[in-house]
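Coordinate-derived values only; no laboratory data. Keep in mind that what you see is a predicted model, and the values were worked out from it rather than measured. FYI the Cβ positions are ideal-geometry reconstructions off the backbone, even for glycines, and counts take in every protein chain you see.
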Amino acid sequence: MWYSKYLLAFECDPNEINESVINDISTKLAKFHQPIEPICSIVVIAHNEERRILGCLWSLAENILDVPAEIIVVHNNSTDKTTYLLDRVGACWYDEKQKGPGFARQCGLNKARGKYHLCIDSDTLYPPYYVATHLKYLSMPNVVCTYGLWSFMPDEKHSRIGLFCYELLRDIYLRFQNIKRPELCVRGMVMGFNTDFGRQIGYRTDIIRGEDGSLALALKQFGKLKFLTTYKTRAVTCSTTLDGGGGLLSNMWIRLKKAVRQLGGLFTSKSEYKDDDSNLIKP
């Protein structure tokens, strides 16, 4: 697998990461600290990610690019060794005290210098042409937002074949959903957009989840949302998000039932969505 190398610094005890790996990450991150104006800002958000942040940064630092880019990290109120590790590899990072992805992503958007903005989650690994492929489509006329697909990393609870089946069914559903409601296909860990348009809207900080899709929905007023289905932009993330519904089969069944209930909505567009009370951040 393309990401095998990064497992030396991903999902492991940070105290056990080899010094040569630390040095390699540090050296490759340094080229993203150039004083010249970046074309792209790669913005990573991190909350208690000491076991994953270095692997994520390593995969980003080895992306193959022919334009200047910056990698910045937004530290979001961690209580572990995340900031220690960021300093150890010389990462450029900012502190956001208000906990939540909306606050963290908005902080990154405020600090970004690039014309284009790529959202990154620190529990995810990114293939070598991930950034370049997003930029290729973001630079096309009338494209204001790009978003891709993602796979889950196999572990003792989630077999490779089980995850393959789950992802196949999910991807088919997302392709249908994308026809009329592309904003519902957007996930913050695999999303890019035009920075100026993003700043005109800003991230919602009053909701627990959905700040990514909400921004994508608002971006439609400026142009097209582009779904990238190539493996060049297919990130690999942890399987922990699948654990909420029990085992993998149970999770698949729960999500299948939800998809069936929402089938009717696949054939109509929407310009706004009603917030669920349970998703609102109480003052």
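Observations on the structure shown:
- Candidates Ser269, Ser20, Ser151: whichever shows maximal mean-square fluctuation once the chain is modelled as a Gaussian network with Cα springs under 10 Å: Ser20
- For the chain, the 222 nm mean residue ellipticity estimated from helices alone, with every DSSP H stretch of n ≥ 4 adding -39500 (n - 2.57) and the total spread over all residues, rounds to -10500 deg cm²/dmol.
- For region 113-245, a Kirkwood hydrodynamic radius built from all Cα pairs, placed in the Stokes-Einstein relation at 25 °C and 0.890 mPa s, yields a translational diffusion coefficient of 159 µm²/s.
- Loop trypsin sites (Lys or Arg not before Pro), region 154-197 (other Cβ atoms within 10 Å of the site Cβ: 15 or fewer; DSSP): Lys157
- When chymotrypsin sites (Phe, Trp or Tyr not before Pro) are flagged only if DSSP places them in a loop and at most 14 other Cβ atoms lie within 10 Å, the longest unflagged stretch of the chain comes out as 3-272.
- Rounded Å value of the spacing that divides the Cα centres of region 139-186 and region 45-93: 24 Å
- For the chain, fraction of C-alpha pairs farther apart than 30 Å, in %: 28 percent
- Using the Cβ-Cβ distance between Asn15 and Asp276 with R0 set to 51 Å, the FRET efficiency works out to roughly 0.80.
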